[in-house]
Amino acid sequence: MAAVKVRNVEKYFGATHVIRGVDIDIEDGQFTVLVGPSGCGKSTLLRMIAGLEEISEGEISIGARIVNQVPPKERDIAMVFQNYALYPHMTVFDNMAFSLKLARAPRAELEERVNKAAQILGLGQLLERYPRQLSGGQRQRVAMGRAIVRDPQVFLFDEPLSNLDAKLRVQMRSEIKELHQRLRTTSIYVTHDQIEAMTLADRIVVMHDGVVEQTGAPLDLYDHPANVFVAGFIGSPAMNFLPGVLRRQAAGDEIEFPDGTRLPRPDQALGEEGQEVIYGVRPEHLVLCEPGRGLPCSVVVVEPTGADTQILAQFGSVELTAVFRERHDLAPSSRVDLLPEAGRAHLFDAASGRVLRAA
């Protein structure tokens, strides 16, 4: 196992600047997830760590060694790809053993390591099958088994679950997390699915347009987003954003919305009189209240899921999403007042998108 350090890394494809001065520290044994929308540079960064893309500027180190000029096969990493990358003419056993055969490992060691990985992943009964005889989840396990037998310093996962159906993705997430808890190998995982990021990661790196927007533990990012982008990306359903103006009052600062409705300034938020702001509140932090206390809304859509009820409501020109654990008898076009839970709202500067919060 080894720590991974990314120092001021840049990447250009011709004149296109895709990675912009990225700095990341990944501790030994940590499971770090790179998350962001398509095109944000996360897969390119992973491929640079793997040695599959050249680094335009900066340094990447694995353990104590700077690997900028080190070939992929000498970096002591193992990569699990989105499309599994299994050899169709080889059995499961031969696919998992391939790297050990190339390294001329003794037959006894080869069989021991493959059988151990197969036992960990529940593949013991499938070793003589071919990839075409396996389900998608089984193929993904074989791809992970091929990585495990190498006993690398670092595992790299490039959106490994994106080809699986929703139910199987949930199952495989649990299996990957359990695998990491057992092996404790440094792991770097790329996904655009923030639910995967939240459930798998020890640490999340949120990327956007080739820049790291924020790094932290999953719940830190959820509770304390650094800016509007992170606040809107982390959490499902996404955070609601309402434009407003900060009003300083002797009795307590307020946020004034375009229709004249006012709410107390969120706890710990900063700002100046007349400053244009964005008031952020998560759907699960909105509650129904008496008329005149909250945000007057018109219900647009009601979506009961059994465990909770989600509604889409119109507040002025803004659509709000609210999620209630309780069951409410609401209908489209009905009027409701929604009040953010005290202390759970966020305030952002409208111009920069940065959070307005006391240090």
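The values are calculated or read from the model by the stated rules, or taken from the named source; none is laboratory data. Note that the structure is a prediction, hence the values are computed from the model and not measured. FYI the Cβ positions are ideal-geometry reconstructions off the backbone, even for glycines, and counts take in every protein chain you see. All accessible areas refer to the heavy atoms of the entire protein, side chains included, with ligands and DNA or RNA removed. Shrake-Rupley method; radii C 1.70, N 1.55, O 1.52, S 1.80 Å.
Taking only Cα atoms and a 10 Å spring cutoff, compute GNM fluctuations for the chain and point out the largest among LYS73, LYS11, LYS116.
The residue with the greatest mean-square fluctuation here is LYS73.
First select every other residue whose beta carbon is under 15 angstrom from the beta carbon of GLU254; then total the charges, Lys and Arg +1, Asp and Glu -1.
Local net charge: -2.
Ignoring ligands, DNA and RNA, what percent of the accessible area of the chain is carbon or sulfur (1.4 Å)?
48 percent
Which of the peptides 19-30, 331-342 is most tightly packed, and how do the rest follow, judged by the mean count of other Cβ atoms within 10 Å per residue?
The packing order, highest mean first, is 19-30, 331-342.
Which shape class applies to the stretch 27-180: rounded if a/c is under 1.5, otherwise prolate when a/b exceeds b/c and oblate if not, where a ≥ b ≥ c are the square roots of the Cα gyration tensor eigenvalues?
Verdict is oblate for the stretch 27-180.
For the chain, take the longest principal axis of its alpha carbons; what is the angle in degrees between that and the long axis of helix 166-183, to the nearest 10 within 0 to 90?
60 degrees
Is the stretch 199-326 rounded, prolate or oblate when judged by the Cα gyration tensor, a ≥ b ≥ c being the square roots of its eigenvalues, rounded requiring a/c under 1.5 and prolate requiring a/b larger than b/c?
oblate
Once you've got the Cα coordinates, tell me which of LYS11/LYS177; LYS5/LYS42; LYS73/LYS101 are over 22 Å apart.
Those over the limit are LYS11/LYS177.
Which order do peptides 226-232, 51-57 fall in by mean Cβ count within 10 Å, highest first?
Answer by packing, highest mean first, reads 226-232, 51-57.
Scan (i) 30, 58, 12, 1; (ii) 27, 61, 12; (iii) 26, 46, 24, 4 for the value of P(r) over Cα pairs in 20 Å bins from 0, in percent calculated from this model and give just the label.
So the calculated entry is the one marked (iii).
Based on DSSP H runs of at least 4 residues, each adding -39500 (n - 2.57), what is the mean residue ellipticity at 222 nm of the chain after dividing by all its residues, to the nearest 500 deg cm²/dmol?
Taking each H run of at least 4 residues, the total per residue is -7000 deg cm²/dmol.
With the Cα gyration tensor of the stretch 89-185 giving a ≥ b ≥ c as the square roots of its eigenvalues, does the rule (a/c under 1.5 for rounded; else a/b larger than b/c for prolate; else oblate) give rounded, prolate or oblate?
Because a/c hits 1.5 or more and a/b fails to exceed b/c, the stretch 89-185 counts as oblate.
Mind checking the angle between helix 107-121 and the chain's longest principal axis? C-alpha axes, 0 to 90 degrees, to the nearest 10.
20 degrees
Top to bottom by accessible area (1.4 Å), largest first, where do PHE233, PHE348 land?
Final ranking, largest accessible area leading: PHE233, PHE348.
Please give me the summed charge of the neighbours of GLU273: other residues whose Cβ is under 15 Å from its Cβ, Lys and Arg +1, Asp and Glu -1.
-2
So for the chain: antiparallel DSSP bridges make up what percent, rounded to the nearest 5?
For the chain, the DSSP antiparallel bridge percentage is about 75.
Per-residue counts of other Cβ atoms within 10 Å, averaged by peptide: what ranking do you get for 186-195, 92-101, highest first?
Ranking, from highest mean packing down: 186-195, 92-101.
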